1. When we measure straight from the Cα of Lys139, which aspartates and glutamates land under 12 angstrom away, once same-chain ones fewer than 8 places off are left out?
2. With a point put 7 Å past each Cα toward its Cβ, work out how far Glu25 is from Ala40 in nm, to one decimal.
3. Report Asp132's accessible area, 1.4 Å probe, all protein chains in place, as a number in Å² to the nearest 10.
4. For the stretch 1-115, what is the relative contact order in percent, using Cα pairs closer than 8 Å and at least 6 residues apart in sequence?
5. Roll a 1.4 Å probe over the protein heavy atoms and report the accessible area of Asp160 in Å², nearest 10.
6. For Asp51 and Leu147, calculate 0.36 nm times their separation in residues minus their Cα-Cα distance, and state this gained length in nm to one decimal.
7. Go through Glu155, Glu165 and list them by solvent-accessible area, largest first, probe radius 1.4 Å.
8. Quote the FRET efficiency, to the nearest 0.05, computed for Ala80 versus Val171 with a Förster distance R0 of 25 Å and r equal to the Cβ-Cβ distance.
Amino acid sequence: MGRGSGNRNRIVQAAILLLDERGYEAVSMRDVARLAGIKASSIYNHFAGKDAMLDAVADEFEAELDARGINRRAPEADEAGADDPESLLLSIMTAPLDLLENEHTTRIIRIVSRCQFHHDGIRRFLQREMFDRPLERIKAALEMMRLRGQLEEREGWTTDFLAAELQSVFVADYYRLALSSLENAPDVQAARYALAAHVDFFWKAARADKRI
């Protein structure tokens with residue numbers, strides 16, 4: 001890694017720490033440069049301003065999601081797990097919680113959640129990565145289950161409706177956990193239990209075979 005790319009990464013990591021601890025409005029480019037250990041004027045060789053740094057934070061988050069395969073469609077893996085639909089749905093729903101078990105990614109989640117009001121790019125990123133893609137992932141799995149005859153056919157129970165219903169609890173928990181303070185660390189295990197209970201309740205209602 002060259003000196004320039006090394007400086008850029010140090011700036012991004014410093015920005016993540018400061019934006020999480022102080023908030024967008026309280027952080028200056030000079031603050032980030034100081035923590036990154038570079039001259040204040042040098043930071044502008046890498047970023048034009050805080051919005052550009054936010055883009056870099058979002059890029060790092062997206063790279064993490066790609067690396068872990070979170071919220072990415074996985075037809076072969078879904079087909080392999082389709083004989084146990086409830087477990088498959090639970091694995092899809094709980095995968096993003098792995099991010100909250102890592103301090104670094106938890107910081108990034110808090111930043112993108114809070115900075116959506118300052119930056120259109122962050123807002124679009126959050127919409128795509130934390131809502132649209134997860135919903136598409138759930139819909140794809142449910143549609144496969146429908147084609148296999150595993151879902152009850154009931155008027156109004158479209159794949160879109162069922163996917164939105166299944167995602168609703170995760171959305172609520174996401175905001176509750178992502179907006180927690182550093183002193184009030186998210187209880188990820190409690191969130192896992194809650195999602196497991198929700199998926200169990202959902203599947204008992206939606207499955208075609210209602211035998212206990």
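1. By straight Cα distance, Lys139 reaches Asp78, Asp160, Glu165.
2. 2.2
3. 70
4. This gives 30 percent for the stretch 1-115.
5. 90
6. 30.1 nm
7. Glu155, Glu165
8. 0.35
The values are calculated or read from the model by the stated rules, or taken from the named source; none is laboratory data. This structure is a prediction, so every number in the text was calculated from the model and none was measured. Here the Cβ is made from the backbone with ideal geometry for all residues, glycine too, and neighbour counts use every protein chain on show. SASA here: full protein model, heavy atoms, side chains in, ligands and nucleic acids out. Shrake-Rupley method; radii C 1.70, N 1.55, O 1.52, S 1.80 Å.
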